[in-house]
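Enquirer: Sharing a structure, written as structure tokens. Questions coming.
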Amino acid sequence: MVSERALSRRIVNKLRRQYWHVQPIEDKLACGVPDLNLCKNGFECWLELKVATRTRAGTIKLGLRPNQMAWAKDRTAAGGNWRLLIGEKSTEDFLLLDWSFIRTTADLQKGVILYDACVPMTFDEVINELNRLSEVVHERRI
């Protein structure tokens, strides 16, 4: 994984082929707003994208700025769906994390999380998890 831009293109293309409405957010004035807004089957999710490298200490940097953490906290407190997708630079591993997991597991002062506390996924597993979440909402609406 080379850059957040490459990750964004990859996920946008894949989800759109699976009938998601995907809106990249390119407003640099809106502090803290995530990179992508996703919607399928009534499930809406805000997705913040990061690319990071695991350290020798076994941590991975979250890369979240204070305004991004505040946005995630406020959105989830209001019942919204927010996820952080981290692409690990040296592998094809991905971490898909929600705010409650980050809040309870990460060292927010240092901005890191223990890699071993997370469940690494392949890109296809990330897509499958997002599809699973959309199906859960769809089934509740039926």
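Values in this text are rule-based calculations from the coordinates and carry no lab data. Worth saying up front: this structure is predicted, and the values here are computed from it rather than measured. Methodologically, a virtual Cβ is constructed for each residue, glycine included, from the backbone with ideal geometry; neighbour enumeration extends over all protein chains shown.
Enquirer: With point charges of +1 on the Cβ of Lys and Arg and -1 on the Cβ of Asp and Glu, referenced to the Cα centre of the chain, which listed residue (L130, W99, T53) lies farthest in the positive direction of the dipole?
Expert: The Cα lying farthest towards the positive end belongs to T53.
Enquirer: On to the next question. Hey, what do the phi angles of the range 108-115 turn into as Karplus ³J(HN,Hα) couplings, whole Hz, using 6.51/-1.76/1.60 and θ = phi - 60°, x for Gly and Pro?
Expert: 5, 5, 8, x, 10, 9, 5, 4
Enquirer: Which three extents, in angstrom, do the Cα atoms of the range 1-68 have along their principal axes, listed largest first?
Expert: 40, 26, 20
Enquirer: Moving on. So how long is each side of the range 36-88 along the principal axes, counting just the alpha-carbon atoms, biggest first, in Å?
Expert: 41, 23, 14
Enquirer: For the chain, which longest stretch is free of loop sites, where a loop site is one of the trypsin sites (Lys or Arg not before Pro) that DSSP puts outside H, G, I, E and B and that has at most 12 other Cβ atoms within 10 Å?
Expert: Numbers: sites that count: K28, R56, K110.
That gives 57-109 as the longest site-free run.
Enquirer: Compute the convex hull volume of the Cα atoms of the chain, divide it by the residue count, and report the result per residue in Å³ as a whole number.
Expert: Details: hull volume 15.6 nm³, N = 142.
Considering the Cα atoms of the chain, their hull volume per residue is 110 Å³.
Enquirer: Let me ask something else. According to a simple spin-label model (label point 7 Å from Cα along Cα-to-Cβ), what is the distance in nm between T91 and T104?
Expert: 2.4
Enquirer: Quick check: from the Cα gyration tensor, does the range 74-117 come out rounded (a/c under 1.5), prolate or oblate? Before the final figure, lay out each step's value.
Expert: On the way: a/c = 2.68, a/b = 1.51, b/c = 1.77.
In terms of gyration-tensor shape, oblate.
Enquirer: Now for a different question. Restricting to Cα atoms and excluding each atom paired with itself, what does the Kirkwood estimate give for the range 60-142 in Å?
Expert: Numbers: mean 1/r = 0.0721 Å⁻¹.
One decimal place: 13.9 Å for the Kirkwood radius.
Enquirer: Using unit Cβ charges (K, R positive; D, E negative) and no other charged atoms, how large, in debye to the nearest 20, is the dipole of the range 29-142 about its Cα centre? Provide the component values of the computation, followed by the final result.
Expert: Values: 15 positive and 15 negative charges, 85 e Å.
That gives a dipole near 400 debye.
Enquirer: Can you give me the distance in nm between label points at E26 and A57, each placed 7 Å from the Cα along the Cα-to-Cβ direction?
Expert: About 3.8 nm, to one decimal.
Enquirer: Below 8 Å, C-alpha to C-alpha, sequence gap of six or more: please give me the relative contact order for the chain in percent. Each step should come with its number before you reach the end.
Expert: Working: 215 pairs, mean separation 32.8, N = 142.
Averaging sequence separation for qualifying contacts and normalising by length gives 23 percent for the chain.
Enquirer: As I understand it, the dipole of the chain uses +1 on the Cβ of Lys and Arg and -1 on the Cβ of Asp and Glu, about the Cα centre. Which of Q109, P24, A78 lies farthest toward its positive end?
Expert: P24
Enquirer: Same structure, new question: If each residue of separation counts as 0.36 nm, what is the full-extension length gain between V119 and Y19 once their alpha-carbon separation is subtracted? Before the final figure, lay out the partial values.
Expert: On the way: separation 100, 0.36 × 100 = 36.00 nm, distance 2.63 nm.
Stretched out fully, the V119 to Y19 stretch lengthens by 33.4 nm.
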